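First comes the structure, then the notes that go with it.
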Amino acid sequence: MKFEIIEDYITQFPIYQYALLDTRELEFTDKVRTICKKECSRYGSSWSCPPAVGTIEKCRETCLKYPKVLLFSSIAEVVDYSDLERTLKSKQEHENITRKIEKFLRLNAVSCYTLSTDSCSVCEKCSYPKKACIHPEIMHPCIESHGIVLTNTIEKYHMDYFLGENMVIWFSLIFLEDV
């Protein structure tokens, strides 16, 4: 599939910024996992987070199977950026957009692998580790779970990662095989 077709499709959504890049441009590091382990309450309790997603090496290997990656963002306005509960609720529209783009790609025979914003919140309580994921078709591991550092990539492509204390920027990565 030509990237122009993907561009035509994604422009119907309120996507803030996007770029198509070589997957090899992404930076993977265990340091991100350290932050997950020390600062995130979802660590060890979700299929979308470590250790359930596998080692950094396994995650990197999975991502590098795809030569291209679509990086895109959407924005949400929040009253107070430091109110984590409300801020996390603002990600739902971004997750819906991500699912629709992924579905479009799959319906058009594009092999893809998707990472998205924060830890999955599809289910009220994740089945991890007692049962397999209940909704693997819509669950996306979070970008950080794979040890990906986006800051340098965002800067390289002149994208924003901060728009003030009342705006949240959500990111997704869709790894593409056939583009």
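Overview of values
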item	result
Some residue of the range 124-144 being outside any loop (DSSP other than H, G, I, E, B), open to solvent by less than 50 Å² (accessible area, probe 1.4 Å) and more than 20 Å from Phe13 (Cα to Cα)	yes
Extreme residue, farthest from Ser121 (Cα to Cα), among residues of the range 2-59 that are modelled with pLDDT under 95 and of a type in the set (Lys, Arg)	Lys2
Only one of Glu93, Glu61 that is open to solvent by 80 Å² or more (accessible area, probe 1.4 Å), assigned to a helix (DSSP H, G or I) and more than 17 Å from Tyr18 (Cα to Cα)	Glu61
Residue count, the range 31-58 (criterion: under 27 Å from Leu20 (Cβ atoms) and open to solvent by 70 Å² or more (accessible area, probe 1.4 Å))	3
Test: residue in the range 87-105 that is closer than 27 Å to Arg24 by Cβ, touching a strand residue (DSSP E or B) at 6+ places or on another chain (Cβ under 7 Å) and aromatic (Phe, Trp, Tyr)	no
Filtered residues of the range 153-179 (kept if open to solvent by less than 20 Å² (accessible area, probe 1.4 Å), touching a strand residue (DSSP E or B) at 6+ places or on another chain (Cβ under 6 Å) and of a type outside the set (Phe, Trp, Tyr))	Met159, Val168, Ser172, Leu173, Ile174, Leu176
Residue satisfying all of: in the range 1-30; in contact (Cβ under 8 Å) with a residue 40 or more places away in the chain, in a helix (DSSP H, G or I) and open to solvent by less than 60 Å² (accessible area, probe 1.4 Å); nearest to Lys131 (Cα to Cα) among these	Thr23
Members of the range 96-123 that are modelled with pLDDT under 90 and either open to solvent by 60 Å² or more (accessible area, probe 1.4 Å) or under 11 Å from Ile138 (Cβ atoms) (or both)	Cys120, Ser121, Val122, Cys123
Test: Tyr113 is under 17 Å from His94 (Cα atoms), touching a Ser or Thr at 6+ places or on another chain (Cβ under 9 Å) and in a strand (DSSP E or B)	yes
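The values are calculated or read from the model by the stated rules, or taken from the named source; none is laboratory data. Source: prediction; values computed, not measured. Don't worry about glycine lacking a Cβ; one is built from the backbone with ideal geometry, like all the others, and counts go over all protein chains shown. Quick note on the areas: whole protein, heavy atoms, side chains included, nothing else; ligands and nucleic acids left out. Shrake-Rupley method; radii C 1.70, N 1.55, O 1.52, S 1.80 Å.
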